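What follows is one structure encoded as structure tokens, with my remarks underneath.
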Amino acid sequence: MSRNKKCVFTTALDFCPDCGSVLPLPTYEQFLACKSCSFKIDVNEFDAVKTYSRIVFNTPDKAALKAQEETGELTGPTVDRKCPKCEHEGMVYTTRQTRSADEGQTVFFSCPNCRFQEIEYS
């Protein structure tokens with residue numbers, strides 16, 4: 001069963017043209033069936049199809065990092081949180097996944113006024 005003319009979506013072979021769901025990877029079966037609807041496609045339509053992927057990592061803005069180092073200012077998102085040391089209102093924070101993936105992230109707070117730092121395990 002090839003792609004029919006009354007398809008709802010115009011898609012790549014990775015997606016079902018009837019419901020838009022991601023199709024499973026082709027196997028040694030003759031037909032590939034959508035798990036969400038009744039659409040089927042002949043696996044021969046995947047012959048000579050090449051799939052490419054590319055991972056792009058964001059790099060920090062070097063000019064902003066250099067300016068931050070020169071001025072010594074803490075930059076980043078700010079949260080309404082009072083510094084326990086100097087009682088300055090507003091702390092800069094960053095988050096990291098320091099434990100296993102099924103546990104919460106770790107939040108690092110820094111006071112832009114006195115540089116006091118605290119950690120919260122969420």
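Some observations on this one:
- So Phe116, is it within 30 Å of Phe15 (Cα to Cα) and surrounded by 13 or more Cβ atoms within 10 Å (Cβ to Cβ): no
- Residue list for the stretch 1-22, restricted to those being hydroxyl-bearing (Ser, Thr, Tyr), under 19 Å from Asp47 (Cα atoms) and modelled with pLDDT of 85 or more: none
- Counting only residues that are closer than 28 Å to Gly72 by Cβ, open to solvent by less than 70 Å² (accessible area, probe 1.4 Å) and not β-branched (Val, Ile, Thr), the stretch 97-113 holds 5 of them.
- The stretch 44-81 - residue that is basic (Lys, Arg) and exposed (fewer than 10 other Cβ atoms within 10 Å of the Cβ) and, of those, farthest from the chain's Cα centre (by Cα): Lys50
- First in the stretch 20-31 and aromatic (Phe, Trp, Tyr), second anywhere and surrounded by fewer than 13 Cβ atoms within 10 Å (Cβ to Cβ), Cβ under 9 Å, 6 or more apart: Phe31/Met1
- Among the criteria (1) assigned to a loop (DSSP other than H, G, I, E, B); (2) free of Cβ contacts under 8 Å to residues at least 24 places away in the same chain, the one Lys85 does not fulfil is (2).
- In summary, Leu25 fulfils each of the numbered conditions (1) at pLDDT 80 or above; (2) aliphatic (A, V, I, L, M); (3) surrounded by 10 or more Cβ atoms within 10 Å (Cβ to Cβ) with the single exception of condition (3).
The values are calculated or read from the model by the stated rules, or taken from the named source; none is laboratory data. On a predicted model such as this, the values are computed, not experimentally measured, just so you know. Neighbour counts are summed over all protein chains in view; Cβ atoms, including those assigned to glycine, are modelled from backbone coordinates with ideal geometry. Remember, those area values only see protein heavy atoms, side chains included, never the ligands or the DNA or RNA. Shrake-Rupley method; radii C 1.70, N 1.55, O 1.52, S 1.80 Å.
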